[in-house]
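Beneath this line is the structure, given in structure tokens, with notes to follow.
The values are calculated or read from the model by the stated rules, or taken from the named source; none is laboratory data. Quick caveat, the model's predicted, so the values are computed rather than measured. All Cβ positions, glycine included, derive from the backbone under ideal geometry; neighbour counts span all protein chains shown.
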Amino acid sequence: MRLVVVTPIRLFGDALTACFLPRTEVSLQATVSDLTHLRILLRDVHAEIVLIDVTQGIALDEVRSIASQFPGIALVALGLQEQRQDVIRCGRAGFSGYVGRDASVEDLCCALANARCGKLSCSAEISGGLLRALFEMERNTRPAESTKALTQREGEVLQLIGNGLSNKEIALDLSVSVATVKHHVHNILQKLKLPRRTQAMRRVREAPWIAASPPLDRYDEAD
């Protein structure tokens, strides 16, 4: 794996170089002192992984910018404290993996190999915390429910709108009349408080759960 190391501590960089030297699976391309030099280097060096020392603090906004500019390169945080919020912040900044402060050289090489394959090495406690964090994010980012929930049929129509179907195509798909489809579309726009069909299409593509079928006891309409 082609690796670049970022650390402001020269002695630390030299020690990492010495650790990687006998390992045939790691090809250390360069060591730089900061993210500014890293960005310049990545324009010319074909790296697969960048190992970034975070023990002295790091500008996560700049990391995020680099991750966006070079999406094919895996960024790994070195020396991260294994706290759930720290791991989440690094993930949001674009890091693909991390190595804790108590990790061995073997742990480091394993984390790099996993990051290269799109895998994350972490403790069971951290993985559980990440799952809980995903649930909390999902719950907090979902829009508030409309005053009136969509019926099952309206949900089906909305899903088909999201797929780009016209009223005529939806009518054929659901074996109902075009007039019935128009009635459903009107109700959907009212319940979602949207003025246009195109906005409903955009909304369901961004938040597909709004078209989820309600409980059967709320399916109270006929075609």
Near pairs, Cβ below 7 angstrom, 6+ apart or cross-chain, from the stretch 35-46 (in contact (Cβ under 8 Å) with a residue 12 or more places away in the chain) to any residue that is assigned to a helix (DSSP H, G or I) = Leu35/Glu62; Leu35/Val63; Leu35/Ile66; Leu38/Ile66; Arg39/Ile66
Gly118, sole failed condition from (1) small (Gly, Ala, Ser); (2) surrounded by fewer than 16 Cβ atoms within 10 Å (Cβ to Cβ); (3) at pLDDT 90 or above; (4) not in a helix (DSSP H, G or I) | (3)
Scan of the stretch 1-37 for residues that are of a type in the set (Val, Ile, Thr) and part of a strand (DSSP E or B), ordered by number = Val4, Val5, Val6, Thr31, Val32
Examine the stretch 12-28 for a residue that is charged (D, E, K, R), closer than 20 Å to Ala111 by Cα and touching a Cys at 6+ places or on another chain (Cβ under 8 Å), and state whether such a residue exists.
-> yes
Which residue pairs have Cβ atoms under 6 Å apart, sit 6 or more places apart or on different chains, and have a first residue in the stretch 193-222 that is on the phi > 0 side of the Ramachandran plot and a second that is surrounded by fewer than 12 Cβ atoms within 10 Å (Cβ to Cβ) and at pLDDT 75 or above?
-> none
Consider Ile88 carefully, then state whether it is part of a loop (DSSP other than H, G, I, E, B) and at pLDDT below 90.
-> no
Only one of these is modelled with pLDDT of 90 or more and either closer than 21 Å to Pro208 by Cβ or touching a His at 6+ places or on another chain (Cβ under 7 Å) (or both): Leu174, Leu112, Leu134, Leu108. Name it.
-> Leu174
Which one of Leu158, Leu75 is outside any loop (DSSP other than H, G, I, E, B), at pLDDT 90 or above, over 17 Å from Val6 (Cβ atoms) and not β-branched (Val, Ile, Thr)?
-> Leu158
